[in-house]
Each structure stands twice: as C-alpha cells, then as structure tokens.
Amino acid sequence: MSASSQCGKHFEHKSYLYINKIIHKDETPFPCSEYENTFNTKAHLVEHHRIHTEEKTFPCTECGKCFSYKSQIDKHLKTHTGEKPYSCSECEKCFDQKSQLDIHLKTHTGDKPLSCPECDRCFVWKSQLDRHLRTHTGEKPYLCPECEKCFTEKSNLVKHLRIHTGEKPFSCPECEKCFNLKSYLAKHLRTHTGEKPFSCPECEKCFNRKAQLDIHQRTHTGEKPFSCPDCEKCFYQKPHLDIHLKTHTEEKTNCSKREKKCEKTFKTKAYLGEHQIIHPGEEPLLCPECGKCFTEEARIIKHKKSHTGEKPFSCPECDKCFNRKSQMNIHLRTHTLEKPYSCPECEKCFSEKSNLIKHQKTHTEEKPYSCPECKKCSNLIKHQKTHTGEKPYSCPECKKCFNQKPQLDIHLRTHTGEKPYSCSECEKCFNQKPQLDIHLRTHTGEKPYGCSKCKKRFTEKSSLIKHLRTHTGKKPYSCPKCEKCFTQKASLNRHKIIHTGDKPYSCSECKKCFTEKASLIKHQKTHTGEKPFSCPQCDKCFNRKSSLNIHLRTHTGDKPYSCLECDKCFNRKSQMNIHLRTHTLEKPYSCPECEKCFSEKSNLIKHQKTHTGEKPYSCPECKKCFNQKPQLDIHLRTHTGEKPYSCSECEKCFNQKPQLDIHLRTHTGEKPYGCSKCKKCFTEKSSLIKHLRTHTGKKPYSCPECEKCFTQKASLNRHKIIHKGDKPYSCSECKKCFTEKASLIKHQKTHTGEKPFSCTQCDKCFNRKSSLNIHLRTHTGDKPYSCLECEKCFSEKSNLIKHQKIHTGEKPYSCPECEKCFNHKPQLDIHLRTHTGEKPYGCSKCKKCFTEKSSLIKHLRTHTGKKPYSCPECEKCFTQKASLNRHKIIHTGDKPYSCSECKKCFTEKASLIKHQKTHTGEKPFSCPQCDKCFNRKSSLNIHLRTHTGEKPY
C-alpha cells in the first residue's frame, strides 16, 4: 500500500496516489475542448464531456430511465429496491446514501461547520452554503432553454422543466394520480391515510403539512412576516402579498389565447384558469348532468354532489349533513361557539376566515376590486351583474329572476311561508338570519354601530350609513329627470312618482289615490276611526305609532333633532329640515305659474290659491273670504275680540301664536335668524329676508308707473301714492297732510313733545324707535351698511344710498334756474334758496337767519359756548366736527394734499385749492365797488369793510 508524502494518506493503487499528488499540486492537466474548464483526472474530463454530448450510457433495468454517471444509476436503483443500508445510531433512521447519513448526524450534534461571510448564517452542507450565497449575489446560473427563466438551484430548474414536458413521474399507489414533485406525492398520500403529523402547541389543531402549521401559528402570534414595500401593509402568507402587489403594479396575467384575440388580463392565476374555459379547445371538465364546466377536478367532484344530493359529512351534534367536510367544520363552530379567527385591530372574533378578511377591510378601507364600468369598489362579481343585467336564477313559482342564488333561496320562502329563524326570547320568526340578528338587539339593547361624529349609536349598519349623510351632506341618489338628489333610495323612488304622476294605490271607500302603499294604509284609518296607539301619560290615542312617538316628546321634553349650524333642537325631523333651509336659503318648492319658490310645501299650496283666486272660507259676520281656514279662524277673532295667547312674562295677549312667539323673544333676547354674511341676528325671519337684500342689492318690487324698484313691498305701496298725489292722513293740529298713517303718528309727536324712546347709555330721548336705534350706533360704533364698491361702512341706510351715488355719478335732481345738478334732493332744496333768498332757519337770540338747519345749529354754539367735539389726544374742544378733524392732523403730522407744481403739502384740501390759485393767478372774487379782485372770498369780505366802514371786532 503506497502512502502520500503530502498528507500521509494510504492508497491501494498507484494510480490513486498519482491523482492525490495532482490534487495537492493544484494541477488540472486535462482541458475541455468545448469550454475553458480543466480537470485533474481524465475520468473527470470524460464524465464532463457527457454534458455536451448529452450521452446517458447507464440505463435502469426497472424503468428504462438513463443516467450519465454510474453513481447516479446506483443511487436510483435503491428507489426500486427500497434499500437503505446506512442507519443512524441515534434514532435508527435509514438512508440510501452515506452522504445523507453524514448530513443527518449533524442534526443530532448540531454541527454547522460552514458559515456565510456576509451574514454569519451557518450550514451543514457546502451545497446549502453555495445556494445561500446566491441570495446575496443574486446569481441564477440555471437557465430554462424553453422560456429562459433563471433559477438559483438546479433542482428548481429540473422541477420547472416538467411544466414544459408535462412529466409527472411520481404516482399514487392508491388512486394512481400523478405528480411532478415527490413532495406533492407525500402530501397527497396523507389524504388517504388521514395522517396529520404537525400539531399546534397552542390549540392542538393538526395539519398534514408543516407549511400549514406555520401559517396557522401566525394566527396566535399575530406575526405577518410579508410586508408590502409600497404601503407597508403586512400579510400572513406570501401568496396574499403577491396578489396585493398587483394592486400597485396593476400587473395582470395575460390570457394565452392569442389566436382568439382575447388578451384579457387577470390579477390571479385562479381567475385566469376560470376564464380560459370559455375558449374552445381547452377541454374543460364538463358536468354530465347540467353541462357546467370546471377547470379543476376537485371542483367538479364537489359540484356533482349537488345533483346526487350526497352529503357524506354529518354533524354529531344535530345530525345535519353537508356535502363538504369544510362546511361541516364551520357548522360545528355554531355548537362549540369557537371563533378561532380574531381581528388584531379590535379583537373581534369570527368563526370563518373569510368573514375575518372582510372585516379587516373595514379598518384598512381597502377596496381592491373596482368595476371597469363605473369604477365603484364593492363586491365586484355581484356588482358587475347590475351592468350586464344577468339574472341566471329564476323562481319556479312566479318566474322572478335574481342574480345570486342566496337571493332566490330567500325569495322562495315568501311562497313556502318558511321562517326558519326564531327568536329565543319572544318566539318571533324570520325568514332571514340577519333579520333575526337585528331583532335580537331589541331585547339586548345592543347598538354596535356608532357614529364617529356625534357618538350616536344604531342597531343596523344601514341606519348608520343613512345617519352619516346628515354630517357629510352626501346625497348619492339623483333623479334622472330634474337632477334633484336624495340621501336614501326610497326617497328617490317616491320622488320619481311626481314626474310620472302615477298613483297606483286607491282607497276603496272614497277612491282617493296615493303614490305609496303606506300612505293608503294611514288614510284608511281615517274611515275606520281606528286609533290603536294610546299615550300612557294622558290616554290620548293616535292612528300611527310615529304620531304617538312625537306626542310622547311633549311629555318628556325630548328634542332629538339638533341643527348643526345653530344647535337649535326640534322634536320632529321635518321641523329640523325646514329650519335648516333658513341657513341654506334652499327653496325646493316652486310655483309653476310665477316660478316663486318656497321652503315648505304647505306654503306653496297656499300660494297657488292666489293664482286660482279660490277663497272657499267666508266670514259669517262680514262675508270676507279667505283661501285658508286658519286665516278665517284668525279673522273671526277680530269680531269676537278673542286673544287666546298670553305672555307669561308681562301678560300681554295676542290673537295669533306666531305673534306671541315673536313677542317672547323680546324677553329672552333670542334672535334665531342669523345673516350668513355679517353674522347679524334677527327675531323675525321677515327681518332677515329684508336685511339680506342689503347685501345682495336685490329689489324685487317695481313700480308699474316709473319702474323704480324697492326692497320691500311696503316701500312700493308708499311710493305709489306719489303718482296718485293722494295724502289721506291729515294732522288735526296744523292740517298738514301725509301719505302714510305712520308718518302722521310721527308728526303728531312733534306737537305733543312725546319722546317715549330713551337711550340707556346717555338718557337722550327720541320720538321714534328707529331714531333711537340709529343713535345707539354712536355708542356701539356699529355700521351695518357697507358699500359694495369701496367697502366703506355707514350707520344709516340713507347715508349709504347717498354715498353710492358718488360711484355711479348719478345726479337726478337739477335746478330749474341754473340747471345745476345734485345727487340728493335736500341738496337741491338748499341750493334753490340761493335763488329765492329764503332763509327759513332763524336764531332766537340775535334774529340772524340761515338757509340750512346745520348752519343754525353751528351758530347757536356761538351763543351757548358749547363745544361738543373734543380731541382724544389733548382734550381741546371744538364747535364743529370738521374743525376737530383738521386739528387731529396736528398730532399725526400728516399732510396728505400736495401741490403738483411745487410739491408743497397741506393738511386740508381747501388750503391746497387756495394755494394752487397762487400758481394760476386766478382771482375769482371781485369787489362791486372798485373792481378790485381777490383769490379768496374771506379776503374780499375784509376788503368790503373798507367801503362800509364796518368794524365788527
């Protein structure tokens, strides 16, 4: 026996020693003629050549399979003989190859001698390490010659090639089913033996595959190891992640039927398989009973049981039978109350995994399936039938069709009268389980659906959805005729009847017709007099339960409907809806005659009688007629003097309740009608409507004579008298006449000296309330009237109207003497006095007279010494406000008026005008005595005294 001088190893043959020496010398003297590979022995080169020649010289005598190497045929033969000569001394497990035994022994010793240099992970085999290193380098050296797909391991390439060849070398000895992988055969054999070797340590549930156990254990640990790189959403299984990723990439598997020009794409392979059966030549699995096609054998086996009625799986608790074991397992949970699938977000539990997946989408708001027709995201397959109109399930009794079988099953119960779901509390029965679940909440008081906005809770999800629309204002149902929108589909259906005019429900007693069946039922109770709903508080009876519920709130004081704008509460929803229109200014009811709009339908009905002239209600006293009975009732009180509505605060009485309601607000200070523009509030709605016209500038009332427009009807009526020249109201004291009674009443106070309206701030009194209101603004600084052009604000409306003429340049009042024009009539009146010489305002002290009242007031201050205008900086007082304004500039130092010629600045515009005359040389004021001229009137006045000899000072 020869020994190696390099490593001391002994060999039986000299040729082996020679090969060993070459290994130590790192010599590879045998090169491959095809590639640059070199080998250290000729035998290795010969074996390598078989890769290029594809020579397989070693055939198997049992199955005829050929191999390139003798070692391969030796290993393969042991699969036929079952020989496993190498056994483990620890666990007696046997192997057909010594290398497999060596590797197995390391599972006992825990020895992993090979470590990855990148991540320090350890391995038992070098091949394992080589494969692992490719995860770092990304190398995929094994290429499929058919489709050029690359793989990191040769075994994966071999498995993949079977897809192209269709080879399935592993067959089941029980049912002869074939598989392309040995692992698939091993898993399949467990379906015959029933073996489930992998058990969960938490709940002891067993599985026939380890992968199933690993996935199941994540339901206990909550681990979701597969995360989406785009949205960071996590999943229990990688296939779920793969499907989810397609929602980002929009990748879809193409249908391969190119010759049919299909090219339809699908997100999952399962959907593609189902689709491909519609193409001829696919040879799908056909049901011999009904001709229905299937892509998988397992599906047709399940389907055939629907024809045979076979239900081999029975429940041990209630003997109920099922055609699938999975259905029985789900059913058993109704007895055990087991709910193994819990939501990690809210910990809610479910008996079926599918229900958990649906529930989780309520947290993520994920809607991955969108309709290609309308982009709506929902139950896609069911929804698409609404576009195609497909209803494949028909009722054998009435031929009504449905697009889903569960809908047909529920419908059939209306014919059979079957109600399989009964309440354990009151024994009431229902034909659907969801109806029973909702009913049970009336006993438990459970309201699982809560509003995130106002914390209100509901027993049904549909009620919550409807309620949420009150917050969002969403109205998803629109009328195709008039585009009006509604929050509920039922409301839309009721509205549609308005366009068709259809009233299909008629009363058998009086032949009156109704658009809704519910309205007919309510109406019929008016004939029978039936009032089955009585109040437990006062024994009052009602023919509707809803009327009783509304009535009960008068006892409890409950007002469940609150306005989102002003928090006002109402005991009826209809009242709240009408009130909301005061904020939105919505007027949905329009008159077909004059297109006038109303916020309430009852007001429209009242208005329409003004066109027809119908006045069916007449007064027995004075024969006056009215178009509404409430108007007649109110009118009758003018004859009887009845005032049934009294104020609890001051005992003042009124003949109408609205008058009392408005009056009460004077005590409470409530002003429920607010302006959306300036936040000003009013006690009456009519006052708000009038006020809004100051913002919009709307003047709906026009004079038929001169087409002048007014914001209020009363103003128009007063204006009309100007054309008639009628002044029917005369003063008994001075015989002065007025066009309006209100003007006469105001005038009479000038004789009596009565001033009933006093200011709470300074005790100043006024004979008109309007004058007091204007005066109060001097204390509050309120200026409610703003100019739309320059946004300047005024405390009085008349001042705003005067100001607006500055922008329009309108000067409607012209002097008949000199044709000079003015934008206000009082200005014209003052100007006319310059022609007539009239000075109607005389001083009682010195008999001096003035053309303007304001000039008299200023003059009187020279006698009284009163200086009402004081400077806030130095407290200096002035007789005129203009003098104060000029004085204030001394403190600010502001000189806003500059000369364009010499740039000299002045504090007043008048000073600038005087100054500019020094540049122009203009002297417009001449002396009538000596023709001397002056550039200022004051200079002329001083000069005139030299002629008169006057020395006033």
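The values are calculated or read from the model by the stated rules, or taken from the named source; none is laboratory data. Just so we're clear, the structure is a prediction, and the values are computed from it rather than from any experiment. So basically every Cβ, Gly included, is an ideal-geometry build from the backbone, and we count neighbours across all protein chains shown. Quick note on the areas: whole protein, heavy atoms, side chains included, nothing else; ligands and nucleic acids left out. Shrake-Rupley method; radii C 1.70, N 1.55, O 1.52, S 1.80 Å.
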| field | Criterion violated by residue 140 - all others in (1) under 30 Å from residue 192 (Cα atoms); (2) among the basic types (Lys, Arg); (3) assigned to a loop (DSSP other than H, G, I, E, B) satisfied | value | (1)
| message | Conditions first: (1) at pLDDT 85 or above; (2) part of a helix (DSSP H, G or I); (3) more than 30 Å from residue 397 (Cα to Cα). Residue 442 passes all but one, so which condition is the exception? | response | (1)
| message | Yes or no: segment 764-776 includes at least one residue that is among the charged types (D, E, K, R), out of contact with any Asp or Glu (no Cβ under 8 Å at 6 or more places or on another chain) and outside any loop (DSSP other than H, G, I, E, B). | response | yes
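Going by the conditions given, is residue 422 open to solvent by 60 Å² or more (accessible area, probe 1.4 Å) and under 30 Å from residue 586 (Cβ atoms)? Outline the logic, then answer.
Working: open to solvent by 60 Å² or more (accessible area, probe 1.4 Å): yes; under 30 Å from residue 586 (Cβ atoms): no.
No.
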| said: Out of everything in segment 533-544 that is farther than 29 Å from residue 588 by Cα and open to solvent by 70 Å² or more (accessible area, probe 1.4 Å), what residue ends up being farthest from the chain's Cα centre (by Cα)? | reply: 539
| field | Qualifying residues in segment 231-261 (those that are open to solvent by 70 Å² or more (accessible area, probe 1.4 Å), among the basic types (Lys, Arg) and in a helix (DSSP H, G or I)) - the one modelled with the lowest pLDDT | value | 258
| query | In segment 545-578, what residues are open to solvent by 60 Å² or more (accessible area, probe 1.4 Å) and of a type in the set (D, E, K, R)? | reply | 545, 558, 559, 565, 567, 568, 572, 573
| request: Identify all residues within segment 453-495 that are without any contact (Cβ under 8 Å) to a residue 12 or more places away in the chain, open to solvent by 80 Å² or more (accessible area, probe 1.4 Å) and farther than 22 Å from residue 561 by Cα; write none if there are none. | output: 480, 483
| task | Write out, first by first residue and then by second, each pair whose Cβ atoms fall under 8 Å of each other, whose residues are 6+ apart or on separate chains, and whose first residue, in segment 860-874, is over 14 Å from residue 890 (Cβ atoms) and open to solvent by less than 70 Å² (accessible area, probe 1.4 Å) while the second is part of a loop (DSSP other than H, G, I, E, B) and polar (S, T, N, Q). | result | 861/879; 868/879
| message | Looking at segment 102-129, I want the residues that are under 19 Å from residue 91 (Cα atoms) and modelled with pLDDT of 80 or more and have a partner that is open to solvent by 80 Å² or more (accessible area, probe 1.4 Å) and assigned to a loop (DSSP other than H, G, I, E, B) with Cβ atoms under 6 Å, at least 6 apart or on another chain. Which pairs are those? | response | 108/90
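Run down 844, 795 and say which single residue is free of Cβ contacts under 8 Å to residues at least 40 places away in the same chain, open to solvent by less than 50 Å² (accessible area, probe 1.4 Å) and not β-branched (Val, Ile, Thr).
795
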| query | Does residue 162 fit the bill of being under 55 Å from the mean Cα position of the chain (by Cα), surrounded by 14 or more Cβ atoms within 10 Å (Cβ to Cβ), among the charged types (D, E, K, R) and closer than 30 Å to residue 221 by Cα? | reply | no
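Which of the residues spanning segment 583-625 are part of a loop (DSSP other than H, G, I, E, B) and within 30 Å of residue 567 (Cβ to Cβ)? Can you show your working first?
Of the residues in segment 583-625, the ones part of a loop (DSSP other than H, G, I, E, B) are 585-588, 591-596, 599-600, 613-616, 619-624.
Listed by number, the residues that qualify are 585, 586, 587, 588, 599, 600.
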| Mind checking whether some residue in segment 728-744 is open to solvent by less than 50 Å² (accessible area, probe 1.4 Å), assigned to a loop (DSSP other than H, G, I, E, B), in contact with a helix residue (DSSP H, G or I) (Cβ under 8 Å, 6 or more places away or on another chain) and closer than 23 Å to residue 852 by Cα? | no
| remark: Taking segment 704-727 and keeping residues surrounded by 13 or more Cβ atoms within 10 Å (Cβ to Cβ) and either farther than 19 Å from residue 798 by Cβ or touching a residue at least 24 places away in the same chain (Cβ under 8 Å) (or both) leaves 717, 720, 721, 727
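Within segment 81-136, take every residue that is of a type in the set (S, T, N, Q) and part of a loop (DSSP other than H, G, I, E, B) and give me the one that is most open to solvent (accessible area, probe 1.4 Å). Outline the logic, then answer.
Initially, segment 81-136 is screened for residues of a type in the set (S, T, N, Q), giving 81, 87, 89, 97, 99-100, 107, 109, 115, 127-128, 135.
Those still in the list that are part of a loop (DSSP other than H, G, I, E, B) too: 89, 97.
Values: 89: 104, 97: 38 Å².
Only one residue tops the list, namely 89.
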| request: May I ask you to list the residues in segment 208-230 that are modelled with pLDDT of 80 or more and not in a helix (DSSP H, G or I)? | output: 223, 224, 225, 226, 227, 228, 229, 230
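Considering segment 196-208 alone, what residues qualify as being touching a strand residue (DSSP E or B) at 6+ places or on another chain (Cβ under 9 Å) and open to solvent by less than 100 Å² (accessible area, probe 1.4 Å)? Explain how you work it out, then say what you get.
Of the residues in segment 196-208, the ones touching a strand residue (DSSP E or B) at 6+ places or on another chain (Cβ under 9 Å) are 196-200, 205-208.
Across segment 196-208, the qualifying residues are 197, 198, 199, 200, 205, 206, 207, 208.
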| request: Out of the residues in segment 612-644 that are closer than 17 Å to residue 657 by Cβ and among the polar types (S, T, N, Q), state the one that is surrounded by the fewest Cβ atoms within 10 Å (Cβ to Cβ). | output: 640
| query | In segment 272-280, is there at least one residue being open to solvent by 50 Å² or more (accessible area, probe 1.4 Å), modelled with pLDDT of 60 or more and not in a strand (DSSP E or B)? | reply | no
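Table: residues versus (1) part of a loop (DSSP other than H, G, I, E, B); (2) of a type outside the set (Val, Ile, Thr); (3) more than 30 Å from residue 612 (Cβ to Cβ).
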residue: 632; (1), (2), (3): no, yes, no
residue: 635; (1), (2), (3): no, yes, no
residue: 638; (1), (2), (3): no, no, no
residue: 642; (1), (2), (3): yes, yes, yes
residue: 650; (1), (2), (3): yes, yes, yes
residue: 659; (1), (2), (3): no, yes, no
residue: 665; (1), (2), (3): no, yes, yes
| query | Looking only at residues in segment 918-953 that are part of a loop (DSSP other than H, G, I, E, B) and at pLDDT 85 or above, which one is nearest to residue 904 (Cα to Cα)? | reply | 932
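So which of 759, 787, 793 is under 25 Å from residue 748 (Cα atoms) and modelled with pLDDT of 80 or more? Break it down into steps so the answer makes sense when it comes.
Values: 787 fails: under 25 Å from residue 748 (Cα atoms); 793 fails: under 25 Å from residue 748 (Cα atoms).
One residue alone meets the criteria, 759.
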| said: Among the residues that make up segment 505-519, is at least one of them assigned to a loop (DSSP other than H, G, I, E, B) and among the polar types (S, T, N, Q)? | reply: yes
| remark: Of the residues in segment 820-841, those that are farther than 20 Å from residue 806 by Cβ, surrounded by 13 or more Cβ atoms within 10 Å (Cβ to Cβ) and of a type in the set (Val, Ile, Thr) come to 834
| Unique match (being of a type in the set (D, E, K, R), modelled with pLDDT of 85 or more and part of a helix (DSSP H, G or I)) among 858, 914, 888 | 858
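For the structure I just gave you, tell me whether residue 498 is surrounded by 12 or more Cβ atoms within 10 Å (Cβ to Cβ), in a helix (DSSP H, G or I) and at pLDDT below 80. Explain how you work it out, then say what you get.
Details: surrounded by 12 or more Cβ atoms within 10 Å (Cβ to Cβ): yes; in a helix (DSSP H, G or I): yes; at pLDDT below 80: yes.
Yes, satisfied.
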| Flag if residue 581 is farther than 22 Å from residue 676 by Cβ and either surrounded by 14 or more Cβ atoms within 10 Å (Cβ to Cβ) or of a type in the set (Phe, Trp, Tyr) (or both) | no
